[in-house]
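Let me begin by presenting the structure, written as structure tokens, before commenting on it.
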Amino acid sequence: MTRLVLASASPARLALLRSAGLDPKVIVSGVDEDAVTADTPAELCLTLARTKAAAVARDLAGPLVIGCDSVLELDGRAYGKPSSPEDAAARWRHMRGRSGRLLTGHCVIDTATGREAAEVGATTVRFGTPDDAEIDAYVATGEPLRVAGAFTLDGPGGWFVEGIDGDHGNVLGISLPLLRRLLSTLGVSVPDLWRRS
Ligand SMILES: Nc1nc2c(ncn2[C@H]2C[C@H](O)[C@@H](COP(=O)(O)OP(=O)(O)OP(=O)(O)O)O2)c(=O)[nH]1
């Protein structure tokens, strides 16, 4: 029986869970993220994580379902994936030399009991100072358009991130220590999942 389901299309989230010893089944939620609104970036990513997990959990009875959503919080606003190359370049010109928080909402639903645990992880990101030519070249790679906040740590975006304060995985898309705490509140230990994956 499938023990763990990742309700995400994110290759980064799947790779991170696999490198940590798990082998979840991927069921993409198909949630329309633009249809969800919230008063703060933290509430937005938490609501989206819960909505994604619930959309997949609805059809299951047994597995644990993990849903996540990441946004960059800058000046109190939530930035997901850029809408266009022009948007990505404008964002970088706005955020270079500054700090923001990469927020990732996490939700775990135990479909055997209906119990849910959810929390937002926050990692401060200090951006470097790419010049306009570097920004244009980075946007031309296409990477910024595929990721929340228009940057990565583990790809070409890494050249333009000076440092972080907080969990690295939370920026990639899922925080293992945070997920461990959520699983614990549901009575599940990580070694349990290692054995069953
Ligand atoms: N490899 C990598 N990916 C990152 C980084 N920062 C953000 N991302 C990716 C992870 C997620 O795939 C994406 C965040 O967007 P979402 O939270 O909406 O997830 P996504 O739309 O990819 O899939 P989902 O909605 O969960 O089905 O950005 C990073 O530093 N490295």
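The values are calculated or read from the model by the stated rules, or taken from the named source; none is laboratory data. Quick caveat, the model's predicted, so the values are computed rather than measured. No Cβ is skipped: glycine too gets one built from the backbone with ideal geometry, and neighbour counts run over all protein chains shown. All accessible areas refer to the heavy atoms of the entire protein, side chains included, with ligands and DNA or RNA removed. Shrake-Rupley method; radii C 1.70, N 1.55, O 1.52, S 1.80 Å.
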Estimated FRET transfer efficiency when R0 is 30 angstrom, pair D131-S19 (beta carbons, to 0.05) | 0.30
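Return the ratio Rg/(2.2 N^0.38 Å) for the range 39-138, where Rg is computed over Cα atoms only. Write out the running numbers ahead of the final one.
Details: Rg = 16.8 Å, N = 100, 2.2 N^0.38 = 12.7 Å.
In units of the globular-protein estimate, the range 39-138 measures up at 1.33.
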Pairs of Cα atoms under 8 Å, at least six residues apart: use those to get the relative contact order of the chain, whole percent.
-> 22 percent
Compute the label zone of D192 within the range 46-74: residues whose backbone N is under 15 Å from the point 7 Å along Cα-to-Cβ.
-> 62-66
Ellipsoid semi-axes in whole angstrom, largest first, where each is sqrt(5λ) of the Cα gyration tensor of the range 68-120 | 32, 12, 6
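Summing -39500 (n - 2.57) over the DSSP H runs of n ≥ 4 in the chain and dividing by its residue number, what mean residue ellipticity at 222 nm do you reach, to the nearest 500 deg cm²/dmol?
Numbers: 8 runs with 72 residues, N = 197.
My calculation for the chain gives -10500 deg cm²/dmol from helical runs alone.
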Please go through the range 1-98 and write out the trypsin sites (Lys or Arg not before Pro) that DSSP classes as loop and that have at most 15 other C-beta atoms within 10 Å.
-> R58, R98
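Pop out the carbon and sulfur fraction of the accessible area of the chain as a percent, whole number, probe 1.4 Å.
On the way: 4590 of 9310 Å².
It is 49 percent, rounded to a whole number.
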Give the Debye-formula value of log10 I(q)/I(0) at each listed q (0.08, 0.16, 0.17, 0.18 Å⁻¹), with one equal scatterer per alpha carbon of the chain, two decimals each.
-> -0.26, -0.96, -1.07, -1.17
